[in-house]
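Structure first, commentary second.
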Amino acid sequence: MTPKAPSLILAGLTLSIATSAVGATTGPGIVYTCDPSVTALEPQVCDVLNTTIAGLYSAAFTNANATIYVTMGSITGFDVSQSYFWTNFYSYSQFRSQLAASASSSTDVTALADSVPATSPYGSSLVQIPTALQRALGFPAPKNGVNASHSSCSTLGSNGCYDGLITLNTTFSLYFRTGAIAKGQYDFYTAIEHETDEVLGTGSCAFGCSGRQYPTDFFRYHSDGTRSFAAGTNNSCSSPDSTNACLSIDGVHMLQQYNNLNNGNDAGDWLTNCHAQQVQEADFCVGTTGVDLNLDAEILLLDAVGYAVQPQIAPKGTFPCTNTTPPTITSVDSASAYGAYAYFASGSWLEIKGTNLADPNDPRLTAAVNPGQWTLSDFTGVNAPTVLDGVSVTINGKPAAVWYLSPGQLNVQAPEDSVTGNLAINVTNCLAESPAYPFAHQPLAPGLLAPSNYTANGTQYLVATFASDGAYVLKTSVGASFGLASRPAKPGDMIIAYGVGFGDVTPTIPPGLVAQQGNALVNPVAFSFGQTPATLSYSGLAPNFVGLYEFYIQVPAGLANGDYQIMVTQNGTALPQKMYLTVQN
């Protein structure tokens, strides 16, 4: 069965993040054609590329259109992948004029005001623009492209003539997101997105294009606010420097760090950080998967150079975070409504408390609906945000999904990690990072939704709803005291309970992703009413939610009226929570 999870309106996590309809798009979007050398490795790869991966771009932009040929081949050096695409030259004034004519977001307004002035900041009169970006900017339809043989062609869009060619290195072992990634594998789809971004226009001429610039080079700065258009150092963008390279829309707020060493890596790639991988890093991170388009990096940059973002997208930069006082963590617990354990597992939801955790001036904190919480615009496809308004959290160096922020508390989902024992948790607020806070990580940390205020006459009740109509499983009078429509359960009823921290599912859905299909727990769970076992018809992640498990439970036959303690085990180990449900025949 494919369950449908309701919105949970009680105290605790409100994890309802459904993928809403994407706005209108102009054109066919990203269209991939796969060489037989690719489909020989994974027969369904082109279907995934043209649905899931192309869908990420359609979800982000209204006018990102490109035809791309994907093949396996030999690549000189140690690159996992390479892209090859056609560009044409336009004058700086032509580029700026088309950029102004197509401006549609606050990022575009800032870009034109601060980074793309009336005259070129580099003095050069030529801008090198890939064919896909030419169309997005409204230039005449380009005719030239590339073919599968790495040669130019003049019938772009037909007869095997493409906007770009992506080659995957046959030397490397590739992972196609089925099963678990091996330590020596590279994520095929992350590599494809990286190269697709370059076909769309994220490349750079900073290391030499005979005096020409790519559109992205107008958003390349040293962290002292001066332009960066030559190789230098990879000194941090967190303090003023005249040798590094940083992405900035206004020349003031440094948002991402570029590679700025001419060591064989591209100037248009982000500086490699395998603790918090971006799609376009100079070096891919082996054994890392699920890294897709980043709202605060690739989407923001492609927006700035001329692509039109979907209405629901609000890239970082609209709120310039200014609080650089170092944050301090004073306590960490797993979600209080789900057991409040002093330990956690991969995928657990954590409550981090402390001081200076978020900027008190952030308008997100006073939003009319769900203040402090993520919104659909913060998502990149099915990927939950790992940065909200300059606030991020790492656990053992890996980025956590950030759901809620305030100056005194952050709610985050722990990333996948096989390491057990105390792991370091760090909070970054704009450019200041907290001291590490140790917190115990273990393989499983199952907890069910039973908030402390869901109690009546000294009895802690489990939150459960009826599968038939969503009413809560409570005595009617108790439910009324909570302001909820409710009734007791009776034998044979199908009810749903909710949890976090129950671990892996099959097929695999890593932390930080919206679950989009039915799945099953790898580590089995058993429920009983007192000593009477109950039958489970579903136990897994709830589709259209992030990190929320649901359990479809049939109330056992033969139960007498009364409150029953709900006994729950996972892999034979009992949950420490003590909670009840009411049965009435």
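The values are calculated or read from the model by the stated rules, or taken from the named source; none is laboratory data. Here the structure is a predicted model, which means the values were calculated and not measured. Using ideal geometry, Cβ is built from the backbone for each residue, glycine included, and neighbour counts are taken over all protein chains shown.
Figures for the structure shown
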read-out	value
Residues of segment 549-585 classified as of a type in the set (A, V, I, L, M, F, W, C) and assigned to a loop (DSSP other than H, G, I, E, B), total	6
Within segment 50-85, tally of residues that are of a type in the set (Val, Ile, Thr) and part of a strand (DSSP E or B)	4
Count of segment 393-441 residues which are part of a loop (DSSP other than H, G, I, E, B) and closer than 18 Å to Ser331 by Cα	9
Filter result (buried (at least 19 other Cβ atoms within 10 Å of the Cβ) and among the hydroxyl-bearing types (Ser, Thr, Tyr)) within segment 526-553	Tyr538, Ser539, Tyr549
Residue count, segment 20-41 (criterion: out of contact with any helix residue (DSSP H, G or I) (no Cβ under 7 Å at 6 or more places or on another chain) and modelled with pLDDT under 90)	6
Matching option when the condition is in contact with a Phe, Trp or Tyr (Cβ under 8 Å, 6 or more places away or on another chain) and more than 23 Å from Pro36 (Cβ to Cβ), among Val146, Val109, Val127	Val127
Selection status of Ala456, under 30 Å from Asp362 (Cβ atoms) and in contact (Cβ under 8 Å) with a residue 24 or more places away in the chain	no
Matching residues, segment 188-226, being closer than 30 Å to Thr325 by Cβ and buried (at least 17 other Cβ atoms within 10 Å of the Cβ)	Phe219, Arg220, Tyr221, His222, Ser223
Qualifying residues in segment 86-104 (those that are touching a strand residue (DSSP E or B) at 6+ places or on another chain (Cβ under 9 Å) and assigned to a loop (DSSP other than H, G, I, E, B)) - the one surrounded by the most Cβ atoms within 10 Å (Cβ to Cβ)	Trp86
Of the criteria (1) outside any strand (DSSP E or B); (2) within 25 Å of the chain's Cα centre (by Cα), which one Gly479 fails	(2)
Hits in segment 157-205 - residues which are of a type in the set (Ser, Thr, Tyr) and either within 23 Å of Asn259 (Cα to Cα) or in contact with a strand residue (DSSP E or B) (Cβ under 6 Å, 6 or more places away or on another chain) (or both)	Tyr162, Thr167, Thr170, Ser173, Tyr175, Tyr186, Tyr189, Thr190, Thr196, Thr202, Ser204
Contacts under 8 angstrom Cβ, first residue in segment 278-307 being closer than 14 Å to Glu193 by Cα and among the β-branched types (Val, Ile, Thr), partner at pLDDT 85 or above and assigned to a loop (DSSP other than H, G, I, E, B), 6 or more apart	Thr289/Pro510
Qualifying residues in segment 551-567 (those that are within 32 Å of the chain's Cα centre (by Cα) and of a type in the set (A, V, I, L, M, F, W, C)) - the one nearest to Gly501 (Cα to Cα)	Phe551
Matching residues in segment 137-146 - criterion: being in contact with a Leu (Cβ under 8 Å, 6 or more places away or on another chain) and either farther than 23 Å from Ala64 by Cα or crowded, with 16+ Cβ neighbours inside 10 Å (or both)	Leu137, Pro142, Gly145, Val146
Every residue from segment 207-228 that is modelled with pLDDT of 90 or more and hydrophobic (A, V, I, L, M, F, W, C)	Phe218, Phe219
When residues of segment 324-349 are limited to those that are at pLDDT 70 or above and of a type in the set (S, T, N, Q), the one nearest to Thr131 (Cα to Cα)	Ser346
Residues of segment 105-128 satisfying the condition of being surrounded by 16 or more Cβ atoms within 10 Å (Cβ to Cβ), in contact (Cβ under 8 Å) with a residue 24 or more places away in the chain and farther than 24 Å from Phe207 by Cβ	Ser105, Thr107, Asp108, Thr110
Test: residue in segment 255-267 that is among the polar types (S, T, N, Q), modelled with pLDDT under 75 and not assigned by TED's automatic domain parsing to the domain that holds Gln577	no
Strands (runs of 3 or more DSSP E) contained entirely in segment 154-255, each with at least 2 residues that are within 29 Å of the chain's Cα centre (by Cα), of a type outside the set (Val, Ile, Thr) and closer than 19 Å to Asp269 by Cβ	164-169, 185-187
